[in-house]
Structure formats: C-alpha cells, structure tokens
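Single-structure report; data block below.
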Amino acid sequence: MAGLIKREDIDAVRERVDLREVVEEYVTLKSAGIGSWKGLCPFHDERTPSFHIRPQVGTYHCFGCGESGDVIAFVMNMDHTSFQETVERLAAKAGIELRYEDGGTGPDKEEVGRRRRLLDAHKIADEHFREQLHSPEAQIAREFLAGRGFTRDHAEQFAVGYAPQSWDHLLKHLRSRGFTDEELSASGLFSEGSRGLYDRFRGRLIWPIRDMTSNTVGFGGRRLHEDDKGPKYLNSPETTIYKKSQVLYGIEHAKRNIAKKRELIVVEGYTDVMACHVAGVDTAVATCGTAFGEGHIKIARRLLSDDGGGGEVIFTFDGDEAGQTAALKAFKEDHQFLAKTFIAVGPEGMDPCDVRQHRGDEAVSELIRARRPLFEFAIRAGMKDYDLSTVEGRVGALRYAAPVVAGIKDPALKPAYTRELAGWLGMDMDDVNRAVQAAARRGVAPQRQVDPAVQAHRRGFGPAPDADPADGGEPIQHQPGPQDHGGPAGEPTASSAAPTHYPRPDTRDPAVMMERQALEVILQHPTRLTAEQWEEIFTVRFTAPAHAAVHAGLRSAAASATDPRNWVRAVSDEVPEPLRPLVAELAVAQLPARTEEGVETYCQSILNRLVELKITHQKADLLGRLQRMGPDESPEEHQRLNRELMDLEHRRRALRGDQ
C-alpha cells in the first residue's frame, strides 16, 4: 500500500541533494558573491539575471517573477511532477532509502527495478536508432526528412533515428548489453513469432516518445519502403512504462514554453511538431496514435496551471472529414479546461508541416494566429447536419447550438455569439436568446470547476516585476504554490481561505531597512550568531508587520531546528503562507561582502545595529516614563530608571566600540 513519506526523510532529501547541482541541469549559474549564485530565471523570460540561489540554505528566489522554494519545489516546477514523485526521484539520486507513514510503502523495489531496466533498454535503443540514421542504408530516411524541409540539425534536435530492415538488428544489440529475453519481451520493442523475438520496427524512420521527465518510453515509426506492408505509422504497444493516453510527443521540448506562455498547441503528427518548433511555435505537441483525451488533459492542465486565470489550448486538424471528426471529439472534452480552447485549420486543409514546407516558417505562426474559438467551429460544423432552408431544420439546429452558446464562459462573448447564431439561422434574436437562456437554466452547457489540485499549484507573488525588491512595493499576497507542503508527505494542499495581505515593508525607512538586513543575516548565516546574540534577537521588536511575522517564525523555528541546511525551510513552515516567498527572498538576497572575513564583519555589524535599535527603543520607553513622573514623586524609582538609562547607554557605546 502506498503511504506518505516520513517528514524526516523529506528533510533528509532537502539536506543531502545539492540545490546548485540540480539547478545547473537547467540554468547556467554565475557567482553572485560568497555562497550565492545567479542566472536567468527558468520560469519567465528575462535578459538580466534575477534568479538567485544559496545552496547552503537550500533556497532559490527570482526577484523578477517572485518564484521561490527549495530543491523539491524547483524540480516540481521544472518537470511538472507530483510532490511524492519528486521526493522519490531526488531520494534515489542521493541514495536515500525512504520510509512511509502508518505502515505504508513506497514503490515496490522489484517493480522499480523492472521499470528501470525498461527505461534503460529504451535509452539504448534510442541511441542506437539515432546512430543508424547516419548509415548508408538510412539514405531513404534522410531524403524523407530533407523532402519535408528538415536538416540534419533538426533531426538531431528531435533525436530522429532509423530502424534497419533487419529482423534482429536491435535484438542483437540489446542482448549484447545484457538484457534478457524476458525483459526484451516486456519492452514493447519486439514482436514474438514462432521462432521467438524479432524487431518490431524495421526499415522505418523513428521518433522517440518521451515522458514528462524526458525518459524515452516508446517509439513511433514511419513507413519508408514500398515493400513494407505494415501501417503508415507504427507506434510502440502499451507497456508498464508507456500508456499512449498519458504521453504527448514533443513534451520534453515544449513543457517549459507551455508553462511560461500558458499556451498548448495540439497537432496531429510527429513532423507537425517538428515543423512548429522549427518555425518558432514552440508549444506544440502531438498525441501518439490516439485521440486527445482525459489523460492528455490532465497533463495539459498541469502545464498550463489551468486555474481560470488565462491560458489557451489550440487544436490544429486537417480540413478533411477525419480532421473535423477529431476536432468535434476534442470539443466534447472542452468542458474539462478552464483555459480557452481554439482550432486552427491550415489553408487548403494543409497540416503545419505542409504549411511550413510550401509557405515558410512565418505561415506556421500565421496559422496559429488565425485560430478561432473551438465552440464556434463546433456550432458551424454541427449546423451542417440540419437543413436550414426548413423551419424544422432551423429549430433542430437551434436546439443543437443553444447549449454550446450557453456554455461560453466569457460574459462578453456569450451575447455576441447569441447574435451571430441568430444571423446564421436567420431567426429572431429574441427567440434565440430565450433558447440560450433556457439551455443555461437546464445546465445543459458544460460547467467548469476549478480543480483543487490545480489551485494548489498556483504561484505565490513576490515583488512586482518592475519593482526594486528592496523598495517598498506591492502588498505581499499569496496563492498556494509548489513550495506549500502540508501533511506528513508534504503534499500540496489547496486553501479555501481568501489570500491574506501584508503591506510590503517600506525599506526607504532606515529602521525598516535595517530590520530587513538583519533578517537576511539571520536566515543566511544562523551559525554565525552566538548564544548571547540569539537571546538578544529573540527580544528585538520589529516594526514592519511582515518583518515582525518573519521574526516570530524565526523564534518558533529556532526552538526545534537542528540542521542549518533545513533552517530556511523550518522558518518558512512557521510563517503565514503569504510570507513564504518573502522568506525565500531574504534567504538569497546578496550581502555586500566579497570575502569570508567581509561576510563575518558585515553580519556582526548588522546584528549589533539591530541590538542598538532595541536599546534605542528601550531608552525611549524609559525616558517617556521619566517625563511622566516628577523627581519628588518617587525618588527611588526615579534613580532606578536613570541607572537603567545609563546602563543602556554603556551597552550602546560598547556595541559601537566607543569604549
């Protein structure tokens, strides 16, 4: 039985997995000072690096878009994997054996081993097919690609390969690499006849099909030779690692662009995906021998952050009858999206590959720009089944189309398409409007609901993109993001409460600026504080509400924190959710020091100034009390307060080195 991962093991993953090593698989980093690194943010487009990490505290933060979190949140964001899947992957990377709550178990070790062997077989097959594309026999494959406008570089970009015509070319290769016939039979790479196993793909152009984590899990092959009696396109059969309803071809190339642009383009074939990407339309994917269905929608919604805040899904289909049937099938699934859905049909029914081949790269972009709402296509396509020259036909068409119009979620578009429908049918506007309203009341139109799991992946806001992160700027607010982990396994949880707002601390105020600097030091270098300094820090009063809340989190976390590498995480867990991005921001902020000695000097200086501010507040309180009482009112109390004032002044001078 699957269980929740123990909290201690999740913490161990955070401690032992090197954040810098993981981030550098995606981002080129440069030193940004002692213990700090920066690079171009992978979560939004930018020209000047604003993405910072501090490996020693295990935290990243982008001062441009506000994305922040730890190594687990980073991998979840980049690879769009679940929390548990991400922890298990990172644990395997670090050699950590995970334990599970309540007697639960993780993935079966034998099953994991079998899956790993299948993935290894596909990786080796992938490399083998790519090598074979350069063989003399593969000239026909290279000519096919060239005939469709693809160069050798394009083939390498998409890892296109060639399967030789031999019955056992790949079989011998994998056997020589130590794979057993039992493993090969389960891989889907081979067929089985009376004489045993033989290569499934023979004499074909090959495309690797990869999952969200870029593992090759299957292949698609295009017939090239005239004597090949098999289907034009042949895909891998379903296996334990390949479910065609759960994969999209080209996802490894498109996923980051889909997440950034909140746009997903669904095309019909492998060469269409290649054509789109080569032409600059870099959010294109394709299904693998099956219709776009519920499993694909789940992938799309995760990538789009399909939470009602925008996003587009664009289907491209051929203009023939089969293409129209596929488009109408996609429309039936439309209600599962909160994103707007569109259809783009190429000129003269051409697919994207044909458009690029005959009209150039810009024509592919124009094809996508000329998209039209999928519901409009569905209305027009459905109305073709009715004879609009008769009253009965027009009434039938209205009954078909009214629920579609009623389901339009844009309040400005619904009345506009009601008018359009009246014009298409040649019917009175009032009659059509009543039919649409009646359909809405009956609930015939698809109702869209926000998926709580998707809500939990919404990003938290940091400083406004154009705001200086050290300035007083936008209010800090929160929408749960991948860094928000609740429960023993840390699964993201959606909050039904309204976002809480904190005014962003105005660091133009010198005292508030010093508070920020002190929090940066405490979060980044907790081990530099002495026991006496911790005692002082606990009793300092922070004036900015956001700073005060983070300070309270520091105090709570310090009571139980044991490992400096988990310090920032511990503080983040103790602060209100809206302030977690601020904690990450403070934890990676660059300190004005270039050497270890400089860091030490700066940290001590800031901490002393914070204590000095505390003393200043205490002196002000004492002076107020003295002013409110006369010297004859209570001489002993008056003398005691004066002695306390003198002691505080001695301490203040000592901190400044004036004694």
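The values are calculated or read from the model by the stated rules, or taken from the named source; none is laboratory data. All values reported here derive from a predicted model rather than from experimental measurement. Cβ coordinates were reconstructed from backbone atoms using ideal geometry, including for glycine residues, and neighbour counts include every protein chain displayed. The protein model used for the area step is the full one, side chains on, heavy atoms only, and it has no ligands, DNA or RNA in it. Shrake-Rupley method; radii C 1.70, N 1.55, O 1.52, S 1.80 Å.
Selection of the stretch 148-171 for residues being farther than 15 Å from Glu127 by Cβ and open to solvent by 50 Å² or more (accessible area, probe 1.4 Å) yields Arg148, Thr151, Arg152, Asp153, Gln157, Gln165, Trp167, Asp168.
In this structure, Ser245 does not satisfy being closer than 13 Å to His122 by Cα, of a type in the set (Gly, Ala, Ser), at pLDDT below 95 and not in a strand (DSSP E or B).
Whether a residue is under 23 Å from Lys329 (Cβ atoms) and touching a residue at least 12 places away in the same chain (Cβ under 8 Å) was assessed, and Lys255 does not pass this test.
Against the conditions (1) modelled with pLDDT under 90; (2) more than 36 Å from the chain's Cα centre (by Cα); (3) assigned to a helix (DSSP H, G or I), Arg419 satisfies every one except (1).
Do we find that Thr283 is among the β-branched types (Val, Ile, Thr) and closer than 22 Å to Pro352 by Cβ in this structure? Here the answer is yes, as Thr283 does meet what is asked. The residues in the stretch 546-571 that are within 19 Å of Arg16 (Cα to Cα) and part of a helix (DSSP H, G or I) can be counted, and the count is 8.
Put simply, of Ile96, Ile53 the only residue that is part of a loop (DSSP other than H, G, I, E, B), surrounded by 15 or more Cβ atoms within 10 Å (Cβ to Cβ) and not aromatic (Phe, Trp, Tyr) is Ile96. Can you tell me which of (1) under 30 Å from Ala286 (Cα atoms); (2) out of contact with any helix residue (DSSP H, G or I) (no Cβ under 6 Å at 6 or more places or on another chain); (3) assigned to a helix (DSSP H, G or I) is the one Asp410 doesn't meet? With (1) under 30 Å from Ala286 (Cα atoms); (2) out of contact with any helix residue (DSSP H, G or I) (no Cβ under 6 Å at 6 or more places or on another chain); (3) assigned to a helix (DSSP H, G or I) applied to Asp410, the lone miss is (3).
Before we move on, is Glu183 surrounded by fewer than 21 Cβ atoms within 10 Å (Cβ to Cβ) and without any contact (Cβ under 8 Å) to a residue 12 or more places away in the chain? Taking the combined requirement at face value, the residue does not satisfy it. Reported count of residues in the stretch 421-444, each being in contact (Cβ under 8 Å) with a residue 40 or more places away in the chain and either open to solvent by 20 Å² or more (accessible area, probe 1.4 Å) or touching a strand residue (DSSP E or B) at 6+ places or on another chain (Cβ under 6 Å) (or both), is 2.
Contact annotation: residue pairs with Cβ atoms under 6 Å, 6 or more positions apart or on different chains, pairing a residue in the stretch 365-392 that is within 20 Å of Cys276 (Cβ to Cβ) with a partner that is open to solvent by 20 Å² or more (accessible area, probe 1.4 Å) and not acidic (Asp, Glu), are Arg371/Phe342; Leu374/Phe331; Leu374/Phe342. Against the condition in contact (Cβ under 8 Å) with a residue 40 or more places away in the chain, hydrophobic (A, V, I, L, M, F, W, C), buried (at least 21 other Cβ atoms within 10 Å of the Cβ) and in a strand (DSSP E or B), how does Ile209 come out, does it pass? Here the answer is yes, as Ile209 does meet what is asked. Is there any pair with a first residue in the stretch 32-50 that is within 18 Å of Leu19 (Cα to Cα) and part of a strand (DSSP E or B) and a second that is open to solvent by 30 Å² or more (accessible area, probe 1.4 Å) and β-branched (Val, Ile, Thr) whose Cβ atoms are under 9 Å apart and which are 6 or more apart or on different chains, and what are they? Listed pairs, sorted by first residue: Gly39/Thr28.
Restrict the check to the stretch 60-83 and report whether at least one residue is of a type in the set (Ser, Thr, Tyr), open to solvent by 70 Å² or more (accessible area, probe 1.4 Å) and in a strand (DSSP E or B). No, that holds for no residue. Taking the criterion of being open to solvent by less than 40 Å² (accessible area, probe 1.4 Å) and either of a type in the set (Val, Ile, Thr) or touching a Lys or Arg at 6+ places or on another chain (Cβ under 7 Å) (or both), the residues of the stretch 338-355 that qualify are Leu338, Thr341, Phe342, Ile343, Ala344, Cys353, Val355. Within the stretch 621-659, can you find the residues that are modelled with pLDDT under 65 and polar (S, T, N, Q)? Within the stretch 621-659, just Gln659 meets the criteria. Scanning the stretch 3-39 for residues that are under 22 Å from Arg256 (Cα atoms) and of a type in the set (Val, Ile, Thr), we see that the one that is surrounded by the fewest Cβ atoms within 10 Å (Cβ to Cβ) is Thr28.
Candidates in the stretch 259-294 are the residues that are under 21 Å from Ser245 (Cα atoms) and of a type in the set (D, E, K, R); of these, the one that is surrounded by the most Cβ atoms within 10 Å (Cβ to Cβ) is Asp272. Residue count for the stretch 212-239 under the criterion of being touching a residue at least 24 places away in the same chain (Cβ under 8 Å) and open to solvent by 20 Å² or more (accessible area, probe 1.4 Å): the result is 13.
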